[in-house]
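The structure under discussion appears below in the form of structure tokens.
The values are calculated or read from the model by the stated rules, or taken from the named source; none is laboratory data. The shown structure was predicted, so the numbers you read here are calculated from the model rather than taken from an experiment. Because the Cβ atoms are built from the backbone with ideal geometry, glycine has one as well, and the counts that use them run over all protein chains shown. Please note that ligands, DNA and RNA were not included when accessible areas were found on the heavy atoms of the full protein model with its side chains. Shrake-Rupley method; radii C 1.70, N 1.55, O 1.52, S 1.80 Å.
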Amino acid sequence: MSTDTSTSEDSSSTATTPNNNCACVQYGFPKQKGTRREPKLRTIFDPIPEGANTASPIYKVPRKQYKRQDEFETGYEVKGSSSIAKEIQDECEEDDRVLCPVHVESDRYHDVGPETLISWFQEFVDDYLEVPFSTCTLYFSGNRSIHVHVPRFVSGEHDRERLKELAKSFCEEAGADLDLGLYSRKRLFRLPGVEHAKSGISKVEIESTWDHNRIFREANGA
């Protein structure tokens, strides 16, 4: 399974990859039920829009397609698709022009405790993904899970499916319970610092050595 560690040559305002693709994401916004997806894509160097709480994988969009979004007033005036963003995302998926962030997560925080979750994460990242766990960033979700942001991307649909299969195999072999839904197409990932819709507690960075009391103290004071 191949991984990418960067998405462009530099962080210039052009926001293009070496083959002149724009590196783009879709942002999500909270609504009464679920999430509203922004109907147009933005480059990864544009400011995060106010009120956004989630972001998608990175799509390598040809410059002509990216500029085509300007033809639509809202982004919803697309025949045969819900939005111009989804149409472009579908094309990128078909052509393997998607960089999916490697995240690991489990919703069993209140069932098994942070120590067990950390042990699952470390074994999966070190032994299955072959990435040093010490290079990862950990977050408490604000409710019932811990998120691990691995400093890697998987490129293309084959490797995204392979990542899901690795996580599934690990769960079966280790008796762990990781969230396999993370590895689905067009998944939106909650941004750090955003409050959880149910608890009102923010997603905050934590250390792998912290216990339950330290995690909640930091989360409630963020």
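Structure values in brief
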quantity	calculated
Checking Leu178 against (1) in a loop (DSSP other than H, G, I, E, B); (2) of a type outside the set (Gly, Ala, Ser); (3) in contact (Cβ under 8 Å) with a residue 40 or more places away in the chain; (4) open to solvent by 70 Å² or more (accessible area, probe 1.4 Å), the condition it does not meet	(4)
Yes/no for Asp159 being in contact (Cβ under 8 Å) with a residue 40 or more places away in the chain and under 22 Å from Val25 (Cβ atoms)	yes
Some residue of the stretch 84-106 being in a loop (DSSP other than H, G, I, E, B), within 21 Å of Gly181 (Cβ to Cβ) and open to solvent by less than 80 Å² (accessible area, probe 1.4 Å)	no
Of all residues in the stretch 45-81 being assigned to a helix (DSSP H, G or I) and either in contact with a His (Cβ under 8 Å, 6 or more places away or on another chain) or open to solvent by less than 60 Å² (accessible area, probe 1.4 Å) (or both), the one that is nearest to His103 (Cα to Cα)	Tyr66
Every pair of residues 6+ apart whose Cβ atoms lie under 6 Å, when the first sits in the stretch 24-42 and is of a type in the set (D, E, K, R) while the second is part of a strand (DSSP E or B)	Arg36/Phe29; Arg37/Gly28; Glu38/Tyr27
Residues that are in a loop (DSSP other than H, G, I, E, B) and crowded, with 18+ Cβ neighbours inside 10 Å, drawn from the stretch 109-142	Leu129, Cys136, Ser141, Gly142
Every residue from the stretch 182-213 that is assigned to a helix (DSSP H, G or I) and in contact with a strand residue (DSSP E or B) (Cβ under 8 Å, 6 or more places away or on another chain)	Leu182, Tyr183
Where a residue in the stretch 143-156 is open to solvent by 30 Å² or more (accessible area, probe 1.4 Å) and its partner, wherever it lies, is among the aliphatic types (A, V, I, L, M) and in a strand (DSSP E or B), with Cβ under 7 Å and at least six apart	Arg152/Val102; Phe153/Leu99; Phe153/Val102; Ser155/Leu99
